[in-house]
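To keep things clear, I will list the structure first and then write my remarks on it.
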């Protein structure tokens, strides 16, 4: 495994490392998926983006309970960049992505869950 977010994602999408024609497209989709993960409460609280090959997975998240982030990002980018041609494959990928989002959310809630029935105390 390369560990570069861009290179790993390109590999899963079937793009050779030295072929850079689609790098901007792939990075745009990766950054969009990082936005989705931010809304789930995963990753740096101020958000995260890549600008090239230098960013690695440990720059985004270091907790082992979030190892599925890699699979989620590359699967969603592949879905956005090169969508399946048949409706049943689309439905299967969407179901897989939904399941990964749910599991990542459960992993985050193990340590960061806030009871919605308890009033939040306001700061003075």
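Going by neighbour counts of Cβ atoms within 10 Å, the residues 57, 102 line up, fewest first, as 102, 57.
Applying 1/(1 + (r/R0)^6) with r as the Cβ-Cβ distance of residue 12 and residue 89 and R0 = 25 angstrom yields a FRET efficiency of 0.95.
Compared with the dominant principal axis of the Cα atoms in the chain, helix 87-112 is inclined by about 40°. The modelled label-to-label distance for the pair residue 118/residue 65, using points 7 Å beyond Cα in the direction of Cβ, is 1.6 nm. The angle between the Cα long axis of helix 68-81 and the longest principal axis of the Cα atoms of the chain comes to about 50 degrees, rounded to the nearest 10.
Output the relative contact order of the chain, whole-number percent, from Cα pairs under 8 angstrom with separation of 6+ residues. Before the final figure, lay out each step's value.
On the way: 97 pairs, mean separation 35.1, N = 124.
Relative contact order for the chain comes out at 28 percent.
Helix 23-39 axis versus longest C-alpha principal axis of the chain: approximately 20°, rounded to the nearest ten. Equivalent-ellipsoid semi-axes for the range 1-115 (Cα gyration tensor, √(5λ), whole Å, largest first): 23, 19, 11. Between residue 23 and residue 39, the simple label model (points 7 Å from Cα in the Cβ direction) yields a spacing of 2.9 nm. Using the average count of surrounding beta-carbon atoms within 10 Å as a protection proxy, the listed peptides 67-75, 5-13 rank, highest first, as 5-13, 67-75.
Values in this text are rule-based calculations from the coordinates and carry no lab data. On a predicted model such as this, the values are computed, not experimentally measured, just so you know. Counting neighbours? That spans all protein chains shown, and the Cβs are built from the backbone with ideal geometry, glycine included.
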